[in-house]
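The structure under discussion appears below in the form of structure tokens.
The values are calculated or read from the model by the stated rules, or taken from the named source; none is laboratory data. Not measured: the values here are computed from a predicted model. Backbone-built Cβ (ideal geometry, glycine too); neighbour counts: all protein chains shown.
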Amino acid sequence: MSLFSTDALAERRDRAASAIEGAADLVLVTAGEPLQIPGGLDQQYRFVPHPEYYWLSGSRRSGGAMAWTPDDGWTPFVRPVTAEERLWEGDPEAPEGRDVAELEDWLKACGASPERTALLGAGATGTVQVEGTAACRDGARQRLDVVRRHKDAEEIGLLRRAARATAAGHARAREVIAPGVDERSIQIELEAETFRHGADAMGYESIVGVGANSAVLHFAPGRRRAEEGELVLIDAGGAVAGYTSDVTRTYPVGRTFTERQQAIFDLVSRPVREGSDLCRPGIEWHDVHRRAAEILASGLVELGILRGSVDGLLESEAIALFFPHGIGHMVGLGVRDVGGHAPDREPGRKCCGARVRVDLPLEAGFVMTVEPGLYFVPAILDDPERRQRFADAVDWTALEPWRDVGGVRLEDNLVVTEAEPENLTASIPLS
Ligand code: GLY
Ligand code: MN
Ligand code: MN
């Protein structure tokens with residue numbers, strides 16, 4: 001039984017069919033196969049279906065495919081449940097559809113040429129062998145992406161559940177942060193509480209960084225203990241049925257921030273609020289990044305760390321010394337959902353020195369993370385080439401005492417609507 005209603009899945013398939021009409025004579029979207037763990041004998045990694053397949057089929061089972069032709073619409077093919085699976089796993093999900101063993105004959109009867117075949121999802125797999133072209137695949141995928149970027153009501157419902165579980169996890173983490181507690185213990189408490197409140201998985205590897213580790217963008221928690229006067233950066237989100245939250249908060253270890261930590265925290269909390277308010281239809285995502293960069297650059301000038309005009313600091317990319325990543329990305333079905341760029345734009349266009357993962361105007365139904373951050377990263381700040389290039393833009397002497405702050409990031413998840421943006425993670429206090 002799929003978690004999604006028959007109506008919701010039918011509506012998704014209709015929207016997808018209208019979008020891909022004309023792009024191919026055959027579209028085959030595969031789930032993928034489990035991956036063996038190298039050297040692990042019969043052990044496999046936890047299977048995650050390709051999001052294109054899961055979105056269309058509502059099934060998280062491996063080995064299946066959704067086939068589309070202009071005449072017949074969508075036909076689901078599924079891998080039947082075996083006695084062996086029942087022995088080892090109990091009653092696995094058994095989605096409705098034709099036996100995938102029939103797919104080969106079905107494809108022959110369909111007779112689509114490889115030039116007009118788009119192989120999406122996980123591509124050719126053990127159960128599905130068919131030839132298509134990259135051009136046909138890319139064309140169909142672009143059209144499917146346009147449709148998948150808009151979350152339907154059932155997807156938003158899952159994201160609200162994921163956010164509730166995540167809020168409980170972050171509240172627990174906040175409670176246990178105290179001098180002497182280590183990163184791993186914070187992670188354990190956060191994840192346990194997130195699971196207790198309805199998550200069935202963490203959406204990605206939790207990030208918990210104490211002290212200098214808060215300046216490592218994707219730090220994996222270890223045994224480092226928190227000390228009074230340090231920061232803890234936590235970036236963690238629970239998932240429900242593959243739909244995840246992606247939330248970052250930065251807390252003081254003692255009761256209050258130090259003066260410098262407070263100044264950086266206050267600065268970062270401005271673009272997270274303003275960026276959230278900018279999540280409205282028609283706003284260019286690069287402009288949301290640029291606005292955050294402006295606020296942060298102007299604040300760093302006031303603190304005496306950067307020098308010069310704000311426009312100049314954005315233009316020269318000096319701001320990326322301290323704000324080196326994009327303002328956010330699409331989130332939902334996985335921690336990196338769809339994303340991409342408008343068809344008339346070059347992929348990978350940077351903004352103010354950062355790689356921004358989305359290069360599109362926002363539309364109602366998009367779900368975005370807004371995650372400004374400021375970091376004092378030794379690998380960036382001690383790089384001789386950067387020190388030379390930005391000799392005038394940075395007051396290198398004034399910068400020194402700020403380096404102990406580490407990093408501050410704040411991250412919320414916003415649904416773009418025709419009215420006010422909905423902040424899914426608003427119940428998690430910023431401090
Ligand atoms: N959790 C990783 C990120 O914020 O993108
Ligand atoms: Mn995150
Ligand atoms: Mn994120």
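Scanning the range 412-423 for residues that are out of contact with any Phe, Trp or Tyr (no Cβ under 9 Å at 6 or more places or on another chain) and within 16 Å of ligand 3 (Cβ to nearest atom) turns up 412, 413, 423. Checking the structure you have, find out if any residue of the range 151-173 is buried (at least 24 other Cβ atoms within 10 Å of the Cβ) and farther than 30 Å from residue 53 by Cβ. Yes, some residue in the range 151-173 is buried (at least 24 other Cβ atoms within 10 Å of the Cβ) and farther than 30 Å from residue 53 by Cβ. Screening residue 338 with (1) part of a loop (DSSP other than H, G, I, E, B); (2) out of contact with any helix residue (DSSP H, G or I) (no Cβ under 6 Å at 6 or more places or on another chain) gives one miss only, at (2). Residue 317 meets each of the listed conditions (1) without any contact (Cβ under 8 Å) to a residue 24 or more places away in the chain; (2) of a type in the set (Asp, Glu); (3) under 13 Å from residue 350 (Cα atoms) apart from (1). One residue stands out in the range 228-245 among those that are more than 15 Å from ligand 2 (Cβ to nearest atom) and closer than 21 Å to residue 374 by Cβ: the one that is farthest from the chain's Cα centre (by Cα), namely 229.
What number of residues in the range 355-411 are part of a helix (DSSP H, G or I), hydrophobic (A, V, I, L, M, F, W, C) and either in contact (Cβ under 8 Å) with a residue 24 or more places away in the chain or touching a Phe, Trp or Tyr at 6+ places or on another chain (Cβ under 8 Å) (or both)?
Kept after step one, since they are part of a helix (DSSP H, G or I), are these residues of the range 355-411: 378-381, 384-389, 396-405.
This time we only want the ones that are hydrophobic (A, V, I, L, M, F, W, C), so: 379-381, 396, 398-399, 402, 405.
Cutting the leftovers down to either in contact (Cβ under 8 Å) with a residue 24 or more places away in the chain or touching a Phe, Trp or Tyr at 6+ places or on another chain (Cβ under 8 Å) (or both) gives us 380-381, 398-399, 402, 405.
Qualifying residue count for the region: 6.
Right, residue 74: closer than 14 Å to residue 130 by Cα, surrounded by fewer than 21 Cβ atoms within 10 Å (Cβ to Cβ) and of a type in the set (Phe, Trp, Tyr) or not? Against the criterion (closer than 14 Å to residue 130 by Cα, surrounded by fewer than 21 Cβ atoms within 10 Å (Cβ to Cβ) and of a type in the set (Phe, Trp, Tyr)), residue 74 does not qualify.
So is residue 247 hydrophobic (A, V, I, L, M, F, W, C), out of contact with any His (no Cβ under 6 Å at 6 or more places or on another chain) and more than 14 Å from ligand 3 (Cβ to nearest atom) or not? If you could, list the steps in order and put the result at the bottom.
On the way: hydrophobic (A, V, I, L, M, F, W, C): yes; out of contact with any His (no Cβ under 6 Å at 6 or more places or on another chain): yes; more than 14 Å from ligand 3 (Cβ to nearest atom): no.
Against the criterion (hydrophobic (A, V, I, L, M, F, W, C), out of contact with any His (no Cβ under 6 Å at 6 or more places or on another chain) and more than 14 Å from ligand 3 (Cβ to nearest atom)), residue 247 does not qualify.
All of 175, 104 fail the test of being modelled with pLDDT under 95 and over 23 Å from residue 338 (Cα atoms), apart from 104. When the residues of the range 261-291 are filtered to those that are of a type outside the set (Lys, Arg) and in a loop (DSSP other than H, G, I, E, B), the one that is surrounded by the most Cβ atoms within 10 Å (Cβ to Cβ) is 279. Considering (1) within 16 Å of ligand 1 (Cβ to nearest atom); (2) without any contact (Cβ under 8 Å) to a residue 12 or more places away in the chain, the lone condition that residue 329 does not fulfil carries the number (2). Of all residues in the range 152-163, those satisfying the criterion of being out of contact with any helix residue (DSSP H, G or I) (no Cβ under 7 Å at 6 or more places or on another chain) and touching a residue at least 40 places away in the same chain (Cβ under 8 Å) are 153, 155, 156, 158, 159, 160, 161, 162, 163. Out of curiosity, is residue 280 more than 26 Å from residue 163 (Cα to Cα), basic (Lys, Arg), at pLDDT 95 or above and away from ligand 1 (no atom under 16 Å from the Cβ)? It is false that residue 280 is more than 26 Å from residue 163 (Cα to Cα), basic (Lys, Arg), at pLDDT 95 or above and away from ligand 1 (no atom under 16 Å from the Cβ). Within the range 233-252, residues that are under 14 Å from residue 193 (Cα atoms) and modelled with pLDDT of 95 or more sit with their Cβ atoms under 7 Å from residues that are away from ligand 3 (no atom under 14 Å from the Cβ) and in a strand (DSSP E or B), at 6+ positions apart or across chains, in these pairs: 239/201. Scanning the range 184-231 for residues that are acidic (Asp, Glu), surrounded by fewer than 17 Cβ atoms within 10 Å (Cβ to Cβ) and within 16 Å of ligand 1 (Cβ to nearest atom) yields one hit, 205. Answer yes or no: is there a residue in the range 38-54 that is buried (at least 22 other Cβ atoms within 10 Å of the Cβ), touching a residue at least 60 places away in the same chain (Cβ under 8 Å) and among the hydrophobic types (A, V, I, L, M, F, W, C). Looking for residues that are buried (at least 22 other Cβ atoms within 10 Å of the Cβ), touching a residue at least 60 places away in the same chain (Cβ under 8 Å) and among the hydrophobic types (A, V, I, L, M, F, W, C), one finds none in the range 38-54, hence no.
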